[in-house]
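Here is the structure we will look at, set down as structure tokens.
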Amino acid sequence: MPYILHDLTIDREARSVRRGTDAIRLPDLSFDALVKLIEASPKSVSHSALSQSVWGAEHVSDETVSQRIALLRKALADNPKDPNYIRTVRGAGYAIIGPVKWLEVEPDYDASEPGEGKQSSALIGGLVASGVLVALLVANLAFQAPGAVSPTAQAARQTGVVSEVSLLVSRANQQLGLHQSAETDRAVAMLRDALRREPDHFDARLSLSFALSTKATKFGGNLETKKEAEALARALIEEQPGSSNAWSALGYSLGSQGRMDESLSALQYAYQLNPNNAPAGSSAAHVLLVQGQLYQALDLEFQVLEAGGRSRYAEIQIAQNLELMGHPAAERWRAKALTLNPGQVVILSAIARSQLRDGLAQAALNTLSLAKGEDVTAPPILQMRGRANIALGRNEDARRDLISAGWRGRYDLAALDAKAGKSDRANALVTSAKLAELDGDPDPEFRIQLAEVFASMDRVDEAKAMMAQAVNLGWRDVKWLERSPFLEGLVSSSEWRELEARITREMQTQRRLTEGDAKLLNAINR
């Protein structure tokens, strides 16, 4: 339920703040800080507690926290000298002024569409009578796979009656299908509302698992969010072992945690259960790409496309595979991805990344500027913008972007600070306890991020070790390392030359495999 603070309505699930009917736009970090203060009310919250909760870091400077609270106050029109909402508690941090209440009414999920936020019994009856039952079920994902019909849908088919909860799930999936930050938060809010009404609803739990993983991977989310998505998926598999989409949800949640081998197995099994499950096949192909198995990744992507499947990210993943191989068709597939998905966060950030690896920082910024609305502050957009500004020598602009990116920008920010002689953030990220967690994490990009942090701290041997581990785990992007603003000294070392030679040989082999497959080559070039 939403919070009420004086004249403000704060909806934690929908991540929205309103004063009456007027929306107040808050960046993610400002919203998270406000919620933390509200949840602690009437107690105060220290700088360190805000640092942990909002930035997910063990140390964020007091100045950064103070600046964030100042921005929050400005957005709320709260005068710090005579505050209505947030007071400064000397030596203890910040606290909410006045009582916080719960709004005991049904939330209106989409104020931009009057009358559509709530579904009355009369409307439900009208929809059933007009035969819209199946059309209102899950958008974008084929949740009702052959041989794996959910208990919820099965009951609806047998009785011919659709519940209000099923309509909420349908609308939530429509929101998820937009692949936007605000809409994803709105979908999560709808699905939690559905489960408050009907806790065992199969499709609501399935959709919530996908929604939480989407939020975590594309728009920022913590480990708790990812673990909840995994728990939901595992419970669904326990009930329906043959549900392709439950296995997809599990694979997606495991991938969001960096557990790539487990993710690949789950996604491959989901695709085996239902070859029409295009998102599962394409997601498995993405894991193969991360692991450096480019030929296998391309082969699987085109299998899915040939079977008539449609995945939003197929084209950009094909482009990424071809780019690493040095194949000339990469640019055409990038353009195709952008045409099919204009303004989409993952597509824009992937294209900007490609431009950065080619040394085209301004072009990357131009690409990122195509993001619209709240997606301008999506963590992947902000992270790539921060990297582009570093490449252009605009370090203060980069710092602002990376701080706003939250967890997504923390390693770049730590490396940037360390390079400037400020190693507090970096030291917090490379503690012995945190490095011990690497043993169970097969994500190569995580090692590259740590290599950049170590290099910026002049801990060269540790940086080289991280780069070697990344290559062993499948890292194949030579250009990204050569263009890194933090690895200049390392990419001229003898150890790097050996790693580069290994990657180059493997990419030549992957390209030979691809070009030796006439059917695959024809699909790439058509």
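Applying 0.36 nm per residue to the separation of residue 174 and residue 39 and subtracting their alpha-carbon distance, the gain on full extension is 45.6 nm. Net length available on complete extension from residue 460 to residue 18 is 154.1 nm, with 0.36 nm assigned per residue and the Cα-Cα distance removed. Identify all lysines with a Cα-Cα distance to residue 519 below 23 Å; exclude those on the same chain that are fewer than 8 residues away in sequence. Output for residue 519: 336.
What is the mean projected area of the alpha carbon convex hull for the stretch 249-299, to one decimal in square nanometres?
For the stretch 249-299, averaging the hull's shadow over all directions gives 3.0 nm².
Protein heavy-atom surface of the stretch 394-526, 1.4 angstrom probe: 46% of the accessible area is carbon and sulfur, with nucleic acids and ligands not counted.
Counting only Cα atoms, I'd like the Rg/Rh figure for the stretch 198-289, Kirkwood definition for Rh.
Values: Rg = 11.9 Å, Rh = 12.6 Å.
In the stretch 198-289, Rg relative to Rh is 0.94.
Fraction of C-alpha pairs exceeding 19 angstrom in the stretch 299-424: 52 percent, rounded to a whole number. Counting only protein heavy atoms and a 1.4 Å probe, the stretch 401-526 has 47 square angstrom of accessible area per residue.
Find the eigenvalues of the gyration tensor of the Cα atoms of the stretch 392-452, then list the square roots of 5 times those eigenvalues as equivalent ellipsoid semi-axes, largest first, in whole angstrom.
Values: eigenvalues 98, 32, 19 Å².
After scaling each eigenvalue by five and taking roots: 22, 13, 10 Å.
Report the Stokes-Einstein translational diffusion coefficient (µm² s⁻¹, integer) for the stretch 369-520, Rh taken as the Kirkwood radius over Cα pairs, at 20 °C with viscosity 1.002 mPa s. After rounding, the answer is 129 µm²/s.
The listed peptides 184-197, 36-49, 87-100, ordered by packing as a protection proxy, come out as 184-197, 36-49, 87-100 (highest mean of other Cβ atoms within 10 Å first).
The simple spin-label model puts a point 7 Å past each Cα toward its Cβ; for residue 231 and residue 77 those points are separated by 4.1 nm. Between residue 526 and residue 428, the modelled label-to-label distance comes to 5.3 nm, taking each label 7 Å out from Cα in the direction of the beta carbon.
The values are calculated or read from the model by the stated rules, or taken from the named source; none is laboratory data. None of the values given here were measured: they were computed from a predicted structure. We place every Cβ from the backbone using ideal geometry, glycine too, and count neighbours over all the protein chains shown. Ligands, DNA and RNA are stripped out before the accessible areas are found, and what is left, the full protein with its side chains, is counted by its heavy atoms. Shrake-Rupley method; radii C 1.70, N 1.55, O 1.52, S 1.80 Å.
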